[in-house]
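Engineer: To start, I am sharing the structure in question, which I have written as structure tokens.
No value in this document is a laboratory result; all are computed from the given coordinates. Every value quoted in this text rests on a predicted model; they were computed, and no experiment measured them. Note that we place each Cβ from the backbone using ideal geometry, even for glycine, and neighbour counts take in every protein chain shown.
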Amino acid sequence: MESNAEDRIIIRLGTYTDPVTVEKNVCLIGEGPLEDIRLQVTDHTAVTIRTETCHIENISIQQIGIQESFAPDIALESSTIVGCNISSKGLACISLHGTASPVIKANKVRSGTETGIMIAGQSQAIIDSNMVFGNEFAGSEIRDEANPQINNNHIYGETRE
């Protein structure tokens, strides 16, 4: 899909199976019930953000293959993911690395084959008010020189909604 910088893209009800790479500053907003708007990608990272600013809201993002990949993968600047349901059968549910300093807020981050949220590099992420649960290893993992702010989250092992 072609878009212009600063576009607001409305995602309608349905299941989408192609990986998404965001290379322009855009907003991706799910319209309708969260459980009915699914980006469900097999054996690839579901969403790769390669831009300074991207806003994703109200979308179920699922990496469902066994390939070593993520649901969203963010390496740059200050994106926002809000009100999403995120899971991964590959690696961590969410990968934040490089200079990524996104806001990850009010999401369900669940059922990861490894970690719920992996924060590495020089990431200054803000992780706020999320439910992080049912991941194989840790709810969050901080590596390298990452220095995130982690506030008001519910992080637990068992799967419960």
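Engineer: Return the aspartates and glutamates within reach of K108: Cα separation strictly under 19 angstrom, same-chain partners fewer than 8 residues apart disregarded; answer none if there are no such residues.
Structural biologist: E31, E35, D36, E57, D73, D128, E136, E141, E158, E161
Engineer: Between E136 and T80, what is 0.36 nm times their sequence separation minus the Cα-Cα distance? Round to one decimal in nm. Show your work: numbers first, answer last.
Structural biologist: Values: separation 56, 0.36 × 56 = 20.16 nm, distance 2.49 nm.
The span from E136 to T80 would gain 17.7 nm if fully extended.
Engineer: Let me ask something else. If each residue's Cβ is checked for other Cβ atoms within 10 Å, how do H44, H154 rank with the fewest at the top?
Structural biologist: H154, H44
Engineer: Using DSSP loop states and a limit of at most 15 other Cβ atoms within 10 Å to flag trypsin sites (Lys or Arg not before Pro), what is the longest stretch of the chain containing no flagged site?
Structural biologist: 51-142
Engineer: Using Cα positions and a limit of under 25 Å, work out the lysines in reach of K24, with same-chain residues fewer than 8 apart set aside.
Structural biologist: Within reach: K105.
Engineer: Right, another one. Can you tell me the relative contact order of the chain? Whole percent, Cα pairs under 8 Å, sequence separation 6 or more.
Structural biologist: 14
Engineer: Label-point separation (nm) for Q122 and H154, each offset 7 Å from Cα along Cα-to-Cβ?
Structural biologist: That separation, rounded to one decimal, is 3.7 nm.
Engineer: While we're on this one: Which of these values of Rg and Dmax of the Cα atoms in Å was calculated from the structure shown: (i) 20.2, 62; (ii) 14.1, 42; (iii) 15.1, 43?
Structural biologist: (ii)
Engineer: I'd like the distance separating the alpha-carbon centroids of the stretch 82-161 and the stretch 1-57, in whole Å.
Structural biologist: 19
Engineer: Assigning unit charges at the beta carbon (Lys, Arg +1; Asp, Glu -1) and nothing else, what dipole magnitude in debye, to the nearest 20, does the chain show about its Cα centre?
Structural biologist: For the chain, the charge dipole is close to 280 debye.
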